[in-house]
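A.B. asks: Mind having a look at this structure? Questions to follow.
The values are calculated or read from the model by the stated rules, or taken from the named source; none is laboratory data. Not measured: the values here are computed from a predicted model. Cβ atoms come from the backbone with ideal geometry, glycine included; neighbour counts cover every protein chain shown. Remember, those area values only see protein heavy atoms, side chains included, never the ligands or the DNA or RNA. Shrake-Rupley method; radii C 1.70, N 1.55, O 1.52, S 1.80 Å.
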Amino acid sequence: MEAVSPYVVAEPVLDQIVEQYRDRPGMLLSTLEAVQEANPLKFLPVETLVQVSRKLSVPMTQVYSVATFYSFFNLKPQGRHAIVVCRGTACHTKGSRELLNSVGHILGFGCEPDEMEQGYTTSDNEFTIKTVACFGQCAQAPVIAVDGVIHSNVNAQKLIKILKKVKSS
Ligand code: FES
């Protein structure tokens, strides 16, 4: 018998979520959102996508299209803390590339800056760092988000303070 990944949402939980959104507007989107939230590593493993497809009777191609279209869906395990650095033009001009590199140095990621640009999760699943094209707060550039909280006008000193707080939580 094939082993079930420990990171797949348990079937009773999945069933409950599916029934909660069945036949409602935006059924697929809401279901995937809730299932991802229920996953301890905040992602949608392929096994989960298959289950959602089967339980909602929605073609797998459609489920996969939705899961890959929206940037808030993750197909890979995410860290306990999420750090998002804006790499839009305004933030780039105000030094967001240096901020990105500094996050890697301060937290000791030991990866290349380009890996962080693409999205990087530490092997202990403590941190995920990724980039975004614009937070829509260009006047306050550079902008980062840590665990969903936006920080604007971030400089080196402010970054150290923010990350110190995250590391201790
Ligand atoms: S470019 Fe960073 S908030 Fe717009």
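A.B. asks: Cysteines of the chain lacking any other cysteine beta carbon under 4.7 Å?
C.D. replies: By the Cβ distance rule, which asks for a partner under 4.7 Å, the isolated cysteines are Cys111, Cys134, Cys138.
A.B. asks: Can I ask one more? Taking R0 as 25 Å, what's the FRET efficiency between Gln20 and Thr61 from their Cβ-Cβ distance, rounded to 0.05?
C.D. replies: 0.55
A.B. asks: Can you list which of the chymotrypsin sites (Phe, Trp or Tyr not before Pro) found in region 47-119 are DSSP loop residues with at most 15 other C-beta atoms within 10 Å? Intermediate results must be reported in sequence, preceding the final value.
C.D. replies: Details: sites: Tyr64, Phe69, Tyr70, Phe72, Phe73, Phe109; in loops: Tyr70, Phe72, Phe73, Phe109.
Answer by residue number: Tyr70, Phe72.
A.B. asks: When the accessible area of region 96-159 is computed with all protein chains present and a 1.4 Å probe, what percentage of it is carbon and sulfur? Mind dumping the intermediate values first?
C.D. replies: Values: 1580 of 3330 Å².
The nonpolar share, carbon plus sulfur, comes to 48 percent.
A.B. asks: Related question: Within region 101-169, report the GluC sites (Glu not before Pro) that DSSP leaves as loop and that have at most 15 other Cβ atoms within 10 Å.
C.D. replies: In loop regions of region 101-169 (DSSP not H, G, I, E or B), the sparsely surrounded GluC sites (Glu not before Pro) are Glu126.
A.B. asks: Let me ask you something else. Report the residues of region 132-158 in range of a label on Glu98: point 7 Å along Cα→C-beta, backbone N strictly under 13 Å from it.
C.D. replies: Within reach of a label on Glu98, which here means backbone N under 13 Å from a point 7 Å along Cα→Cβ, region 132-158 contributes 142, 154-158.
A.B. asks: Using Cα positions and a limit of under 29 Å, work out the lysines in reach of Lys165, with same-chain residues fewer than 8 apart set aside.
C.D. replies: Lys42, Lys76, Lys94, Lys130
A.B. asks: Roughly how many Å² of Met60 are accessible to a 1.4 Å probe, to the nearest 10?
C.D. replies: Here the residue's solvent-accessible area equals roughly 60 Å².
A.B. asks: Keeping all protein chains in position, work out how much accessible area Ser168 exposes to a 1.4 Å probe, and write it in Å² to the nearest 10.
C.D. replies: We get 100 Å² for Ser168.
A.B. asks: Distance in nm between label sites at Ala156 and Glu11, each 7 Å beyond Cα in the beta-carbon direction?
C.D. replies: The two pseudo-label positions are separated by 5.6 nm.
A.B. asks: Here's a follow-up. Determine the principal axes of the Cα atoms in region 1-127, then give the extent along each, sorted from largest to smallest and rounded to whole angstroms.
C.D. replies: 47, 35, 21
A.B. asks: Something else: Working out 0.36 nm times the residue gap between Lys167 and Phe69, then minus their Cα-Cα distance, what length gain in nm do you get to one decimal?
C.D. replies: Values: separation 98, 0.36 × 98 = 35.28 nm, distance 3.13 nm.
Answer, rounded to one decimal: 32.1 nm.
A.B. asks: OK, next. Could you state the accessible area per residue of region 11-69 in Å², with a 1.4 Å probe and every protein chain left in place?
C.D. replies: Numbers: 3280 Å² over 59 residues.
On a per-residue basis, 56 Å².
A.B. asks: Let me ask another. For Lys164, give me every one of the aspartates and glutamates with a C-alpha distance below 17 angstrom, ignoring sequence neighbours fewer than eight places off in its own chain.
C.D. replies: The reachable aspartates and glutamates, counting only those whose Cα sits under 17 Å from Lys164, are Glu126, Asp147.
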